[in-house]
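Structure, as structure tokens:
The values are calculated or read from the model by the stated rules, or taken from the named source; none is laboratory data. Treat the numbers as computed from the prediction; the structure is a model and nothing was measured. Counting neighbours? That spans all protein chains shown, and the Cβs are built from the backbone with ideal geometry, glycine included.
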Amino acid sequence: MKQRIGMDRVNRRLFLKAVPPAVLAPALPDGASRPILHERAGPGRNPDEKPNQTIRFAVIGLDHYHIMGMTAAIQRGGGQLVSLYATDPKAIADFRKRFGDVKLARSEDEILEDKSIQLVAAAPIPDQRAPLGIRVMRHGKDYLSDKPAIITLEQLVEVRKTIRETGRIFAIMYSERLEVKAAVKAGELVKAGAIGRVVQTVNLAPHKVNDITRPAWFWDPARYGGILCDIGSHQADQFVYYTGSTAAEVTASQIANVNHPDKPKFQDFGDMMVHGNGGAGYIRVDWFTPNGLGIWGDGRLFILGTEGYIELRKYIDIAGHKGGNHLFIVDQKQTRYMDCDDVVLPFGPQFVSDIVNRTHVAQDQEQALLATELVLKAQKNANRLEFST
């Protein structure tokens, strides 16, 4: 026995000497010695191109400052800001500081009755957004809401009914895809087949709670819809979009209040699994971004395909790249890092064009509402987790 073991060792050494190194190379971690290719993603659109369409629009509600980005996007697309209706003096002053001395309407009705206004953009308290959108559409105007645009399944039924009856657009600003340059580039790559057929999306969406700056409604799920409905709507939109799903269901969901005992109704953690006719998805949302990060959240998106995968580090790369809009793509040939800062955001021009031409290029109406339906079902049926102290 001892002699045979010795011979086996000798034969193995002779074999290793005789076999060319290239044959043995795959036993090493694939690509371990290959450099990651760095490149700067092209703009995708001409950054100097002027909008070829124009509309008149107004703003109602400044309860969330997402309205600033929404307004800027419409203006980039050729929108002419006509008027504003809000009641908070500070919010009005902040809005005017950015967008000029826009006319302050005396009432919501003043805007709704103005037949020259084609679009209303809105960011009131979340529970008011769907009812406002219904009033806007019934006055013959299109509507762009901050997310969450709809916080109950009953509201969703009424929104769909009003869309059918009026033919108007009910758009939702899912800014974590529509207004993030790396997310726009990821969409281009997925649609070009760069990673094959999408199998799954994984979204991690931590947020910073900023307790002292939050209004009372922020802590009440009856006003904001709950954590999956609120933050999770961004992530459900990305699942639907990148997988191309036109039908989907919730596999499982759970929520918790882990660290805010003084706000018993609040939810600071949630996650959900979804599956659609285009792929699967996992979503985790929370309010636990630590102060040491230096930004409101380290949002990540992973898109798994049959021929590769994409990772987005949207707002920060703690591994060392400066700024945000970082995209990593691995395929069967190589690993690449893309700086997406030069990508031109298409939503504004596309959305204005949709309003003029009655199309749905900027946002597919059914997919936008499907994303909302998923988070509403996930929120309604979520298991509530309890943690021991």
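Can Asn46 be described as surrounded by 10 or more Cβ atoms within 10 Å (Cβ to Cβ), outside the structural domain of Ala183 (by TED's automatic domain parsing) and at pLDDT below 85? Let's see the steps before the verdict.
Numbers: surrounded by 10 or more Cβ atoms within 10 Å (Cβ to Cβ): no; outside the structural domain of Ala183 (by TED's automatic domain parsing): yes; at pLDDT below 85: yes.
Criteria not met by Asn46.
Quick one: in the stretch 83-116, of everything that is under 20 Å from Ile355 (Cα atoms) and in contact with a helix residue (DSSP H, G or I) (Cβ under 8 Å, 6 or more places away or on another chain), which residue is surrounded by the most Cβ atoms within 10 Å (Cβ to Cβ)?
We begin by selecting, within the stretch 83-116, every residue under 20 Å from Ile355 (Cα atoms); these are 83-84, 111-116.
Pick out the ones that are also in contact with a helix residue (DSSP H, G or I) (Cβ under 8 Å, 6 or more places away or on another chain) and you get 83-84, 112.
Details: Ser83: 19, Leu84: 23, Leu112: 21.
Step by step, filter the stretch 83-116, then rank; the result is Leu84.
Residues that are in contact (Cβ under 8 Å) with a residue 12 or more places away in the chain and closer than 25 Å to Ile60 by Cβ: list the strands (runs of 3 or more DSSP E) wholly contained in the stretch 130-230 that include at least 1 such residues. Spell out the reasoning first.
Numbers: elements: 142-146, 170-173, 198-206.
Counting at least 1 such residues, we get 142-146, 170-173.
Checking Phe266 against (1) crowded, with 20+ Cβ neighbours inside 10 Å; (2) in a strand (DSSP E or B), only one condition comes out false. Which one?
Here Phe266 meets the rest and fails (2).
Would you call Gly324 part of a loop (DSSP other than H, G, I, E, B), over 21 Å from Ile195 (Cβ atoms) and within 22 Å of the chain's Cα centre (by Cα)?
Values: part of a loop (DSSP other than H, G, I, E, B): yes; over 21 Å from Ile195 (Cβ atoms): yes; within 22 Å of the chain's Cα centre (by Cα): yes.
For Gly324, the condition - part of a loop (DSSP other than H, G, I, E, B), over 21 Å from Ile195 (Cβ atoms) and within 22 Å of the chain's Cα centre (by Cα) - is met.
Right, Pro35: surrounded by 10 or more Cβ atoms within 10 Å (Cβ to Cβ), under 32 Å from the mean Cα position of the chain (by Cα), within 30 Å of Val184 (Cα to Cα) and modelled with pLDDT under 95 or not?
Values: surrounded by 10 or more Cβ atoms within 10 Å (Cβ to Cβ): no; under 32 Å from the mean Cα position of the chain (by Cα): yes; within 30 Å of Val184 (Cα to Cα): yes; modelled with pLDDT under 95: yes.
Judged against the criteria, Pro35 is not a match.
Go through the stretch 92-129 and give me each residue that's among the aliphatic types (A, V, I, L, M), out of contact with any Phe, Trp or Tyr (no Cβ under 8 Å at 6 or more places or on another chain) and either over 20 Å from Gly140 (Cβ atoms) or not assigned by TED's automatic domain parsing to the domain that holds Pro148 (or both).
Going residue by residue through the stretch 92-129, those that are among the aliphatic types (A, V, I, L, M) are 92-93, 102, 104-105, 111-112, 117, 119-123, 125.
Checking the rest, the ones that are also out of contact with any Phe, Trp or Tyr (no Cβ under 8 Å at 6 or more places or on another chain) come to 92-93, 112.
If the condition is that a residue be among the aliphatic types (A, V, I, L, M), out of contact with any Phe, Trp or Tyr (no Cβ under 8 Å at 6 or more places or on another chain) and either over 20 Å from Gly140 (Cβ atoms) or not assigned by TED's automatic domain parsing to the domain that holds Pro148 (or both), then Ile92, Ala93 are the ones that fit.
Would you confirm whether any residue within the stretch 308-317 is in a strand (DSSP E or B), in contact with a helix residue (DSSP H, G or I) (Cβ under 7 Å, 6 or more places away or on another chain) and under 30 Å from Leu37 (Cβ atoms)?
Of the residues in the stretch 308-317, the ones in a strand (DSSP E or B) are 308-313.
Adding the requirement that they be in contact with a helix residue (DSSP H, G or I) (Cβ under 7 Å, 6 or more places away or on another chain) leaves 310, 312.
So of that shortlist, the ones also under 30 Å from Leu37 (Cβ atoms) come out as 310, 312.
Yes, some residue in the stretch 308-317 is in a strand (DSSP E or B), in contact with a helix residue (DSSP H, G or I) (Cβ under 7 Å, 6 or more places away or on another chain) and under 30 Å from Leu37 (Cβ atoms).
Which of the residues belonging to the stretch 291-314 are under 15 Å from the mean Cα position of the chain (by Cα) and without any contact (Cβ under 8 Å) to a residue 40 or more places away in the chain?
Answer for the stretch 291-314, where residues must be under 15 Å from the mean Cα position of the chain (by Cα) and without any contact (Cβ under 8 Å) to a residue 40 or more places away in the chain: just Glu311.
Can you pull out the residues in the stretch 291-307 that are assigned to a loop (DSSP other than H, G, I, E, B) and in contact with a strand residue (DSSP E or B) (Cβ under 9 Å, 6 or more places away or on another chain)? Full working, then the answer.
We begin by selecting, within the stretch 291-307, every residue assigned to a loop (DSSP other than H, G, I, E, B); these are 294-299, 306-307.
Listed by number, the residues that qualify are Trp296, Gly297, Asp298, Gly299, Thr306.
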